[in-house]
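A short worksheet on the structure shown next.
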Amino acid sequence: MARVLGALLAVVPAMAAAASAAAARPVATGASAPEAAARRSGIARADAPPSCSQPRGTPGRWMPEAQGWRAVIVPRPAPIPVGRHFALEVALCPPAGAPPPATLKVDADMPAHRHGMNYRPQAVPQGGGRFRVDGLMFHMPGYWRLMLEVETADGPRRLEQPVEVR
Amino acid sequence: MSPPPSRRVPEAPGRCGGLRSAGESRPRRALVAVLAWLSLGVAGAGPAPGAQAPATLLDFTADERRAILAHGPWPPPAQRDAGNSLSGRPAAIALGQRLFFDARLSGDGTLSCAGCHRPDLAFTDGRARAQGVAGHPLDRHTPSLWNAAHERWYGWDGASDSLWSFAIRPLLDPREMGAGADHVARVIAGDAELACRFRQVAGHAPGQAPPPGRTSVPAEALPAERTLVVAAKALGAFVATLRSGRTAFDRFRDALARDDRRAASRYPPAAQRGLRLFVGRGACSTCHSGPMFSNGEFADIGVPFFVRPGVVDPGRHGGIQRLQASDHHLLSPWSDAPPDAAEVLKTRHVVRQHRNFGEFKVPSLRNVAVTPPHLHDGSKPDLDAVIRHYSELDLDRLHADGERILKPLRLDAREVADLKAFLHTLTDPGAGRWSMPRGPACGLGAAAAARAASR
């Protein structure tokens, strides 16, 4: 036990030094203040907006992919409460060379229950492939399937994200 | 089964995960340990003949505990009526309370709101289906008004999105109260007490146009309609104050939350088993979720659509249609909510779907044991009948393209009794004992008001 504690105590200063060095590194220009802060600390803050620059596994966001498209999704609030309206912030990331989409359709269903939502959400473009989606509600606990549909020059592209709500 | 008698047992210090206060003495700790051991029913020897059985606590799993805790805490923070700037204002609540009990508001002067929402019956009427003016039979059961401000939609079909708009519907419906805006304005203007209170609330006399700049309601609206909406908002302000008290379940839930096994084990074993069924195999909490024991939405539970020969109740499908056709919803000029307010999201985004046909509101189960008959059509006289309905569900009566959630539970007699025991613990003992607060007459001076309040 003492050996384990000793090892841990030795690691902590090393972690602190690494974080300090990361904080000193320059950040990409054009990043928002929260994004810049997140990059400096080496993590994405849960309340930071979604961005295509955020790598897979970034905490607090979903990143479904399909046919070269990727979405970075942050629910507001998180975790999603049962039976209360929530919103999504979405960054749509097109394949290289494709223009950012102008529109986005969002829906969700519970495949096991064979029903969808009782409300029709609305996605409002924020510019640069980012959207704010309002009017969603998961009115039951369980497994929901979040569906995003993007109209592209090659036809619609659909991205799905499983969501477990408790 | 009745809730257990309220007994105050000193709580053991150091209950939270074994933490204890610094000054706790060794003999006291030993006594506490023995008491806790006994309360867990692990003493080996059974109870002495004639003695009360030792309290027990089921070994709820982590998932069960999480599901149980999601039904609280209670009470939640007070909620105001949506789109109603009068909600929370004492003068409006006082006016609304008087209007609620005033039968003169109905067209023939015989039926008040309280005529159907009786305080002594937990704000229901005890009938299977409601009766309007002159005993006119209606198609649905009168819902309780307890905790109404915590609901999302009003009416079994959710045709109203606020308490104030919900109050307008029965006033104007010729089968219910059979009044009109002119009638309501005349009654209020013709009663000195009501007229005085109305002036305090609205800033102008009933039946008259408000001074310029005092209101944002449509300029073309007739003064009588303005009076009707102010009266309805006062009614909404009053109903929003009706919040039922804590129950045996709430005490159990909170004891579980703080890991107080001693307090939790006072909850009757049958209710614990019923609760386990409710959140587990019965999957009741899928729809009856949260502190209200309702998700606030709508479901088809296989009750026949016909309300009488040749007449079908479309339920939520018709409710959304009526909501969107209403002049008084939260997106209308009569609403006090800004267009971007969170409370109007439901009205802006709700969508009518084919599966809504035959869906009715998932009712709150708080006080369900004291508000029979049950279901939207009052077709189940008691809790036994409701539980049997779910136990022997006729799947052929469900929409072919509807939800696939319900299945017959096939409960045995003990499970039925356990579920019923649990549902009884959702009763606030004061749910049928609401009494009208007394207040001074309108326009009394401060000293007279204080004297009246102290009587």
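The values are calculated or read from the model by the stated rules, or taken from the named source; none is laboratory data. Just so it is clear, the structure is predicted and the values come from calculations on it, not from any experiment. Glycine gets a Cβ as well: all are built from the backbone with ideal geometry, and neighbour counts include every protein chain shown.
Identify all residues within the stretch B:245-264 that are outside any helix (DSSP H, G or I) and surrounded by fewer than 20 Cβ atoms within 10 Å (Cβ to Cβ); write none if there are none.
Scanning the stretch B:245-264 gives B:G245, B:R246, B:R258, B:D259, B:D260.
Does at least one position in the stretch B:271-282 carry a residue that is part of a helix (DSSP H, G or I) and within 14 Å of chain A (Cβ to nearest Cβ)?
Within the stretch B:271-282, one or more residues are part of a helix (DSSP H, G or I) and within 14 Å of chain A (Cβ to nearest Cβ).
If the requirement is being in a helix (DSSP H, G or I) and more than 20 Å from B:D108 (Cβ to Cβ), which of these qualifies: B:Q200, B:Q208?
Testing whether each residue is in a helix (DSSP H, G or I) and more than 20 Å from B:D108 (Cβ to Cβ) leaves just B:Q200.
Every residue, every condition in (1) buried (at least 19 other Cβ atoms within 10 Å of the Cβ); (2) part of a helix (DSSP H, G or I); (3) modelled with pLDDT under 95; (4) within 11 Å of chain A (Cβ to nearest Cβ), yes or no:
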residue	(1), (2), (3), (4)
B:H288	yes, no, no, yes
B:P291	no, no, no, yes
B:G296	yes, no, no, yes
B:L323	yes, yes, no, no
B:A385	no, yes, no, no
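Here are B:A453, B:A413: which of them is modelled with pLDDT under 90 and either of a type outside the set (A, V, I, L, M) or at negative phi (or both)?
After applying the criteria, what remains is B:A453.
Restricted to the stretch A:141-163, and to residues that are out of contact with any helix residue (DSSP H, G or I) (no Cβ under 8 Å at 6 or more places or on another chain) and within 14 Å of chain B (Cβ to nearest Cβ), which residue is surrounded by the most Cβ atoms within 10 Å (Cβ to Cβ)?
If we take residues in the stretch A:141-163 being out of contact with any helix residue (DSSP H, G or I) (no Cβ under 8 Å at 6 or more places or on another chain) and within 14 Å of chain B (Cβ to nearest Cβ), then A:W144 is surrounded by the most Cβ atoms within 10 Å (Cβ to Cβ).
From the residues in the stretch B:325-366 that are in a strand (DSSP E or B) and within 13 Å of another protein chain (Cβ to nearest Cβ), which one is surrounded by the most Cβ atoms within 10 Å (Cβ to Cβ)?
The qualifying residue surrounded by the most Cβ atoms within 10 Å (Cβ to Cβ) is B:E359.
Which pairs have Cβ atoms under 6 Å, sit 6 or more apart or on different chains, and link a residue in the stretch B:342-353 that is farther than 15 Å from B:S160 by Cβ and β-branched (V, I, T) to one that is in a loop (DSSP other than H, G, I, E, B) and at pLDDT 95 or above?
As it stands, the answer is B:V351/A:R120, since those pairs meet every condition given.
Within the stretch B:298-318, how many residues turn out to be part of a loop (DSSP other than H, G, I, E, B), on the phi < 0 side of the Ramachandran plot and either within 11 Å of chain A (Cβ to nearest Cβ) or touching a Leu at 6+ places or on another chain (Cβ under 7 Å) (or both)?
Here the count works out to 3.
On the basis of being surrounded by fewer than 20 Cβ atoms within 10 Å (Cβ to Cβ) and aromatic (F, W, Y), does B:F422 make the cut?
So B:F422 fails the test.
Any idea which of B:A421, B:A337, B:A341, B:A413 is more than 29 Å from B:W74 (Cα to Cα) and among the small types (G, A, S)?
B:A413
Which ones in the stretch A:88-117 are within 14 Å of chain B (Cβ to nearest Cβ), in contact (Cβ under 8 Å) with a residue 12 or more places away in the chain and outside any loop (DSSP other than H, G, I, E, B)?
Of everything in the stretch A:88-117, those that are within 14 Å of chain B (Cβ to nearest Cβ), in contact (Cβ under 8 Å) with a residue 12 or more places away in the chain and outside any loop (DSSP other than H, G, I, E, B) turn out to be A:L88, A:K105, A:V106, A:D107, A:A108, A:D109, A:M110.
If we keep just the residues of the stretch B:174-197 that are part of a loop (DSSP other than H, G, I, E, B) and more than 28 Å from the chain's Cα centre (by Cα), which is surrounded by the fewest Cβ atoms within 10 Å (Cβ to Cβ)?
For the stretch B:174-197, the residue satisfying everything is B:G190.
Among the listed residues B:L275, B:L235, B:L242, which satisfies the condition of being under 30 Å from B:A195 (Cα atoms), in contact with a helix residue (DSSP H, G or I) (Cβ under 7 Å, 6 or more places away or on another chain), modelled with pLDDT of 95 or more and surrounded by 21 or more Cβ atoms within 10 Å (Cβ to Cβ)?
Of the residues listed, the single one that is under 30 Å from B:A195 (Cα atoms), in contact with a helix residue (DSSP H, G or I) (Cβ under 7 Å, 6 or more places away or on another chain), modelled with pLDDT of 95 or more and surrounded by 21 or more Cβ atoms within 10 Å (Cβ to Cβ) is B:L235.
Name every residue in the stretch B:348-400 that is over 19 Å from the mean Cα position of the chain (by Cα) and of a type in the set (S, T, Y), in order of residue number.
B:S379, B:Y390, B:S391
What number of residues within the stretch B:387-409 are assigned to a loop (DSSP other than H, G, I, E, B) and either within 14 Å of chain A (Cβ to nearest Cβ) or surrounded by fewer than 20 Cβ atoms within 10 Å (Cβ to Cβ) (or both)?
14
Condition check: modelled with pLDDT of 95 or more, closer than 30 Å to B:H288 by Cβ and within 14 Å of chain B (Cβ to nearest Cβ). Does A:R120 satisfy that?
For A:R120, the condition - modelled with pLDDT of 95 or more, closer than 30 Å to B:H288 by Cβ and within 14 Å of chain B (Cβ to nearest Cβ) - is met.
Can you give me the number of residues within the stretch A:124-140 that are within 13 Å of another protein chain (Cβ to nearest Cβ) and surrounded by 19 or more Cβ atoms within 10 Å (Cβ to Cβ)?
Matching residues across the stretch A:124-140 total 8.
May I ask you to verify whether B:D139 is more than 30 Å from B:R348 (Cβ to Cβ) and of a type in the set (D, E, K, R)?
When the stated conditions are applied, B:D139 does not pass them.
What single numbered condition from (1) within 14 Å of another protein chain (Cβ to nearest Cβ); (2) without any contact (Cβ under 8 Å) to a residue 12 or more places away in the chain fails to hold for A:R76?
Unmet condition: (2).
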